[in-house]
Amino acid sequence: MKTLLSKPWIWSFLGALVVFLATIAFTRGVGTGGILTAALSLAVFTVIVGTGQMFVITLGPGNVDLSLPANIGLASAVAMKVMDGNDAMIAVGLLAALGSGLAVGVANYLLIRLLRIPPIIATLSSSFIILSIDISYGRGLQIKPPPGYADFTNIQIVGIPILAFVTVAFSVGAAIVLSRLVYGRSVLAIGQNIRAAWLAGVPVERVRFLTYALCGALGGITGALLAGYFRGASVDIGNEYLLSSIAVVVIGGTSVAGGKANVPGIWGAALFLVLLLTMLNTFGVSPGLRLVLTGLIIVGVITAAGGQKALR
Amino acid sequence: MSLGSAQAVGARPINWARLMRALLPALSLGIVVVAIASLNQRAISYLGFTLMLNLAIPIALATLAQMFVITINELDLSIGPFVGFVGCVTATWLHDSPLLGITVLIAAIGVYVALGALIHLRNLPSIVVTLGMSFVWQGLAILILPTPGGKAPEWLLALMGFKPPFIPMPIVAAIVIALVVHFGLMRTSYGAVLRGAGGNGQAIGRAGWSLLRTKMVMFGLTGLFGVLSGLALIGTTTSGDANIGNGYTLLSIAGVILGGGEFVGGRVSPVGAVIGALTMAMAASPLLTFMHVPPDWQVAANGAILIIVLAARVLISRKEANA
Amino acid sequence: MPQSIGQIIKLDGVERHFGAVRALDGVDFKVDAGECVGLVGHNGAGKSTLMHILAGTGTPDRGSLAVGGAAQTGYSVGRARQLGIRCVFQELSLCPNLTVAENARVSHRSIEGWGWRKRAAALIGDKLDEIFPGHGIDPNDIVSDLPIGKRQMVEVARAFTVTTDPLKLVILDEPTSSLDAHASAQLLAYVEKARQAGISTILISHLLGEILSSASRIVVMRDGKVVASDVAGGFDRTRLVATMGGAEGHRADRTKTEARALGHAPVKVKARPEGQREGHELVAREGEIIGLAGLAGHGQTRLLLDVFRASTGKRPDAEVTDKVALVAGDRQTDGIFPLWSIAENITVRSLARLRRGLLIAPDMTRQFALDWQKRIGIRTPDIDNNILSLSGGNQQKALFARALGSDARIILMDDPMRGVDIGTKLEVYDLVRREAEAGRTFLWYTTETEELDNCDRVYVFRNGRIVAVLDRHEVSEEKVIQSSFAEGVA
């Protein structure tokens, strides 16, 4: 028990559990299964973007990808347009969304590297350009996803969405990348001390490039999946992932100072955030208050968790 | 620091790259004005500037707000929603029961001071904290004013609608604001300490100054100028909207950078920031409209302007490093 | 001397520990009015720690501190200033974004209100004129525009300015490290003038000549203790060097490693300091240990970094023909990954070779780390403990293990023995010599002259240039210091 409590990710799961219990206490158990299914379905998307964001944030202070919402929005439109309601084009559409996300990630890295501007500003300015591309490209886009695709993103096995299984496998993969691949170790090394990493022979720029590209690609995939799940693309489909992708990383026990990442915590934090929204909805809280509470909880969690001294 | 810094030794002639860099903000504003003039002669008139710059004052104030936190190496990603929140308070409570409105606005500045203290004491990343706060301000704005509406107080409308002789109001206001902040931050003795805290916090601490206090003062000033920006905005638009300030986060950061400020090191320029804000205000809509940029692409144009200016600066500072 | 009576500051039995390292081990120290105390000792002897305690930026773990005869509790920077004690730190403590005058204001609370800029400018300008006539610094210059030497002048001058707080003692930590000979002489003359006016100074310097000519009393530190304190006249260079000690241990076995004939071994590294087109070029052959000497921060680290960069891409000034690894001297900023275990810190450079397929193999990394722990003698109960649980010397060994365990044939060492105990040093010297005999090439920047005895050839740096090349039989403290100043002595 003690070793379990010392794991940084346990708190996010405990938080999720508390919120969940509060919700079913309020509904007296009615619709518990539905709540869980819905929570898992939505958490999946946050986990995927959150994992990308985690790799970026782990690179160290100042590294963050603020272009995810625009990236997701554009990829959702790209996927729908390429699939064009045709089941045969699903794979191509997914690849196209992946490519769109990858291109955004590469563009972000180039801005950071060539203009030597902090990633926050680079990704923020690129997000505005992406947003315009999306508005112009997706104008009047009313394409429904192919029926087979929409079904796939909504299939459940004993109440558990199939995407959740896939995403758990993805998380296991991400954890292996982080701890057992040279790339993952390099990310952790750069996040702790970029200069020491360079002097220890880590190819710093290649790793940073891969990381921003990876984060962009994951954003692209998420866009495609969201379009399937919500049965259509839209410009603002990714808006909530600006904050939530960062929030799940921080709540999940990854250090904002860099160099320390935590994959399981992202699941706990994503479930916590989704269930928190469910709870507030169940309680009948107004949209305004919901925003306020979400914001306050995030600030509170960062205050409690983020107290460690940044290295620089 | 273990890295031996490259330092050119010797007498310093006029550093053209540095001069260029200092003039870059004014230069980019000039380019925008010339571009507008060539596209539409009539825009260059008392009425034209009044119309084109009608939103420049709130943008300039928000930019200065952002500049204060950037001076101490922090960033405020919540300034846009905060301006929106102030706008909603102004259009409702400040109009209906001024005492309540004033209390709320002062309390909001207090929240900023407290955030500064929190960020310093717990050593938190300001990006994440202010990102969280952006949701709080947005939520509060929606609670106060669920649908667009409300009404600006009369005195505010009168103030913002004032028409001075010869020079349009926004230009007069921009000059006054820039000079006041320039004096406060660049010319007072405590201003030097505040900027020093951004340049070398450790040295300021060793000289016996409280770094906690500098953070609280700077965040407080950000709150104050955020409030002023919201007031000016509502005085211009006459009614409130919870989403009215959302674009100001990017605009304010862009304005500071365009104005020659740097993200770290306490190097900022209030006059430059105001010029940067005016540039953004004119480039954001009037220029793009005259150039017949379709509305879809106006957001992209803003991002592109930012990237181009940053690229220009990188080129110039490379020259500077080689000089 | 009118004010020879009166004690300014006194330490009794002061101790200070950093983890397992005893930086100060029971130090008694005092400064009286009208003294210029020269403080000498090798790197890691505890001079800087002592200075931080005097300045109020560090607190002793044990022992007492008295100022003007009154015992101090809760001593701090602010308190030190009120009592008239100032410090010029080695790492510059000016705000680079402010003007010279604004920097003067920052350290004087009383300069405020209307006309503060004029007063601040006059205060610092007059002091600069007084100490460094003909300095050519305008109080309205922004500090980051000034070359490093002028910044150091500003910092020194600022420490001597007086407004409301008294001025009794100024601690100068390597104040001449970035000054040319002319400005150094101006400063030392001023220190003497100040002393006659009753302002005491503590002068910390590696240049023994400076200490011998300027100090009225000399205090020698070694291994965290004061080992000698005497009037300056009681010392000459020989006695000072002997008292600082540290070298006897292995100077004896120097004869054992006779000059090896490596003239025909293949060249591994060729490099020139950036901007130096003519003159000496550094050449290192296979199996050679090459020393980089001279005063700290005169371009040695830059050259090492250039060589390091040359291993990953083409550089105009450096050429290498094999893989390169670097042993950092500034462990915290350049070497250690503080969140990682000892094993992870050792293996990071070699992960690519410790894989099965694509995956890093935990058993292989563990074995690798254990091997090197044994070979290099890292003292720890568990190789999986956090790296920070080690003492400074053992952390340094882990960094050596990282480099020596790698596939690199060229090892760069960036003054890696700072603050390392003598036992560890001797072990590492042996290891370096063994590795060199096995064909590895070492470029070794060191600020400790006796380490140069291990080198086959020594390049002496001054102001970013190589000013002398010494063969192994020519290497001596005298010779190195002489060469370091060969150029630019007025």
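The values are calculated or read from the model by the stated rules, or taken from the named source; none is laboratory data. Computed from a prediction, not measured in an experiment: that's the story for all the values here. Because the Cβ atoms are built from the backbone with ideal geometry, glycine has one as well, and the counts that use them run over all protein chains shown.
For this structure, a couple of remarks:
The rows are residues; the columns are (1) buried (at least 21 other Cβ atoms within 10 Å of the Cβ); (2) more than 15 Å from the chain's Cα centre (by Cα); (3) within 17 Å of B:A22 (Cα to Cα); (4) within 12 Å of another protein chain (Cβ to nearest Cβ).
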{"residue": "B:L258", "(1), (2), (3), (4)": "yes, no, yes, yes"}
{"residue": "B:G261", "(1), (2), (3), (4)": "yes, no, yes, yes"}
{"residue": "B:G265", "(1), (2), (3), (4)": "no, yes, yes, yes"}
{"residue": "B:T279", "(1), (2), (3), (4)": "yes, no, yes, no"}
{"residue": "B:L288", "(1), (2), (3), (4)": "no, yes, no, yes"}
{"residue": "B:H292", "(1), (2), (3), (4)": "no, yes, no, no"}
{"residue": "B:Q298", "(1), (2), (3), (4)": "no, yes, no, yes"}
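- The sole residue among B:R122, B:R195 that is farther than 23 Å from B:N246 by Cα and away from chain A (no Cβ under 12 Å) is B:R195.
- Residue within the range C:259-269 that is crowded, with 19+ Cβ neighbours inside 10 Å, modelled with pLDDT of 85 or more and touching a Leu at 6+ places or on another chain (Cβ under 9 Å) present: yes
- In the range B:83-172, counting only helices (runs of 4 or more DSSP H) that sit wholly within it, the ones holding 2 or more residues that are within 20 Å of B:I72 (Cβ to Cβ) span B:98-121, B:126-144.
- Flag for A:L226 being farther than 30 Å from A:Q192 by Cα, surrounded by fewer than 24 Cβ atoms within 10 Å (Cβ to Cβ) and out of contact with any strand residue (DSSP E or B) (no Cβ under 8 Å at 6 or more places or on another chain): no
- Restricting attention to the range A:192-211, the residues being closer than 18 Å to A:G105 by Cβ, surrounded by fewer than 20 Cβ atoms within 10 Å (Cβ to Cβ) and either among the polar types (S, T, N, Q) or at the interface with chain C (Cβ under 9 Å from one of its Cβ atoms) (or both) number 1.
- Among helices (runs of 4 or more DSSP H) entirely within the range C:374-490, having at least 3 residues that are acidic (D, E) singles out C:422-437.
- B:I79 within 14 Å of chain A (Cβ to nearest Cβ) and touching a helix residue (DSSP H, G or I) at 6+ places or on another chain (Cβ under 6 Å): yes
- Within the range A:114-131, being under 13 Å from B:I307 (Cβ atoms) and either in contact with an Asp or Glu (Cβ under 8 Å, 6 or more places away or on another chain) or among the hydrophobic types (A, V, I, L, M, F, W, C) (or both) holds for A:L114, A:L115, A:I117, A:I121, A:A122, A:T123, A:L124, A:F128, A:I129, A:I130.
- Condition check for C:F442: modelled with pLDDT of 90 or more, surrounded by 18 or more Cβ atoms within 10 Å (Cβ to Cβ) and among the aromatic types (F, W, Y): yes
- Against the conditions (1) within 14 Å of chain A (Cβ to nearest Cβ); (2) surrounded by fewer than 24 Cβ atoms within 10 Å (Cβ to Cβ); (3) not β-branched (V, I, T), B:S97 satisfies every one except (1).
- Taking strands (runs of 3 or more DSSP E) as the structural unit, those lying wholly within the range C:187-247 and holding at least 2 residues that are buried (at least 18 other Cβ atoms within 10 Å of the Cβ) and modelled with pLDDT of 90 or more correspond to C:200-204, C:217-222.
- The criterion of being outside any loop (DSSP other than H, G, I, E, B) and modelled with pLDDT of 75 or more does not hold for B:S317.
- The residues in the range B:285-302 that are in contact (Cβ under 8 Å) with a residue 12 or more places away in the chain and either of a type outside the set (S, T, Y) or over 19 Å from B:A254 (Cβ atoms) (or both) can be counted, and the count is 8.
- With a requirement of 1 or more residues that are more than 9 Å from every other protein chain (Cβ to nearest Cβ) and among the charged types (D, E, K, R), the helices (runs of 4 or more DSSP H) lying completely within the range C:79-160 that satisfy it span C:116-131, C:148-159.
- Sole residue being over 30 Å from C:L179 (Cα atoms) and hydroxyl-bearing (S, T, Y), chosen from C:T365, C:T301, C:T333: C:T365
- Looking across C:G377, C:G357, C:G335, one residue alone is in contact (Cβ under 8 Å) with a residue 40 or more places away in the chain and at positive phi. It is C:G377.
- Some residue of the range B:313-322 being acidic (D, E) and within 22 Å of A:S126 (Cα to Cα): no
- Within the range C:55-78, the residues that satisfy the criterion of being free of Cβ contacts under 8 Å to residues at least 12 places away in the same chain and in a loop (DSSP other than H, G, I, E, B) are C:Q72, C:T73, C:G74.
- Cβ pairs under 8 Å, 6+ apart, first in the range C:109-120 and without any contact (Cβ under 8 Å) to a residue 60 or more places away in the chain, second buried (at least 20 other Cβ atoms within 10 Å of the Cβ) and part of a loop (DSSP other than H, G, I, E, B): C:R119/C:I111; C:A120/C:H108; C:A120/C:I111; C:A120/C:P139
- Among the residues of the range A:126-185, those identified as away from chain B (no Cβ under 14 Å) and in a loop (DSSP other than H, G, I, E, B) are A:Q142, A:I143, A:K144, A:P145, A:P146, A:I155, A:V158, A:G159, A:L181.
- Qualifying residue in the range C:296-317 (condition: more than 14 Å from chain B (Cβ to nearest Cβ), modelled with pLDDT of 80 or more and not in a loop (DSSP other than H, G, I, E, B)): yes
- Within the option set A:V301, A:V285, being at pLDDT below 90, surrounded by 18 or more Cβ atoms within 10 Å (Cβ to Cβ) and within 14 Å of chain B (Cβ to nearest Cβ) holds for one residue only, A:V301.
- Search result, residues across the range C:472-484 that are surrounded by fewer than 19 Cβ atoms within 10 Å (Cβ to Cβ), within 20 Å of C:A284 (Cα to Cα) and either touching a residue at least 24 places away in the same chain (Cβ under 8 Å) or of a type in the set (S, T, Y) (or both): C:H473
- Yes/no for C:G329 being within 30 Å of the chain's Cα centre (by Cα) and either of a type outside the set (A, V, I, L, M, F, W, C) or within 14 Å of chain B (Cβ to nearest Cβ) (or both): yes
- Taken together, the residues in the range C:286-295 that are assigned to a strand (DSSP E or B) and touching a helix residue (DSSP H, G or I) at 6+ places or on another chain (Cβ under 7 Å) amount to 5.
- Per this entry, B:I204 is not counted among residues that are surrounded by 24 or more Cβ atoms within 10 Å (Cβ to Cβ), closer than 25 Å to B:A174 by Cα and touching a Gly at 6+ places or on another chain (Cβ under 7 Å).
- Some residue of the range B:207-218 being crowded, with 24+ Cβ neighbours inside 10 Å, in a helix (DSSP H, G or I) and within 14 Å of chain C (Cβ to nearest Cβ): yes
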